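Structure first, then comments.
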Amino acid sequence: MLISIDHHNGIPVFRQIIDQVKFHVVSGLLAQGDALPSTRALSAQLGLNPMTVSKAYSLLEAEGLVERRRGRPLTVKPLQAQVIHAEKLAQLKPQITQLATMVRQLGVDRAEVVDLFTSILDSLEGGKV
């Protein structure tokens, strides 16, 4: 599991861990039953206080994304398709909101933006970037 921390972006480190683990789960990089690195291992890897990782893991557990079993690693819980879909949309919303704001500020026509977005999606589906 690849997690990178940016200490200069203003987002608390524990929140960055939560967001990245969620992204890994909804994108399929982490599947049901996959183990997360131990608190000690991840804190050592990222150069963080273990309490920071522990806080992130506890909040992920409280959200129902992972489960903790005594003496076993923290694992990804089985999630229903609608939960995964809702989380995917939640992951997209901030970026789309930022894009919509930029579109409004630039005064670009909505139809042109939709056409451009559709064109980009089509090119990505065809393997072109």
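The values are calculated or read from the model by the stated rules, or taken from the named source; none is laboratory data. This is a predicted model, so every value here is computed, not measured. Counting neighbours? That spans all protein chains shown, and the Cβs are built from the backbone with ideal geometry, glycine included.
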GLY28 vs (1) over 17 Å from the mean Cα position of the chain (by Cα); (2) on the phi > 0 side of the Ramachandran plot: all pass except (1)
Taking segment 77-91 and keeping residues part of a helix (DSSP H, G or I) and surrounded by 10 or more Cβ atoms within 10 Å (Cβ to Cβ) leaves VAL83, ILE84, HIS85, ALA86, GLU87, LYS88, LEU89, ALA90, GLN91
Within segment 99-129, residues exposed (fewer than 10 other Cβ atoms within 10 Å of the Cβ) and not charged (D, E, K, R) come out as GLN105, LEU106, GLY107, ALA111, GLY126, GLY127, VAL129
For segment 28-40, the count of residues that are farther than 18 Å from SER58 by Cα and either free of Cβ contacts under 8 Å to residues at least 12 places away in the same chain or surrounded by 15 or more Cβ atoms within 10 Å (Cβ to Cβ) (or both) equals 1
Over segment 36-70, the set of residues of a type in the set (Ser, Thr, Tyr) and either under 22 Å from ILE84 (Cβ atoms) or in contact with a strand residue (DSSP E or B) (Cβ under 6 Å, 6 or more places away or on another chain) (or both) is TYR57, SER58
So, first residue assigned by TED's automatic domain parsing to the domain that holds THR39 in segment 60-80, second residue of a type in the set (Lys, Arg) and assigned to a helix (DSSP H, G or I), Cβ within less than 7 Å, six or more apart or across chains; the pairs are LEU65/LYS22
Note: among PRO12, PRO50, just one is at pLDDT 95 or above and surrounded by fewer than 13 Cβ atoms within 10 Å (Cβ to Cβ), namely PRO12
**Flag for ILE17 being at pLDDT 95 or above and out of contact with any Pro (no Cβ under 6 Å at 6 or more places or on another chain)** = yes
Note on segment 59-76: residues β-branched (Val, Ile, Thr), surrounded by fewer than 19 Cβ atoms within 10 Å (Cβ to Cβ) and touching a helix residue (DSSP H, G or I) at 6+ places or on another chain (Cβ under 8 Å) are none
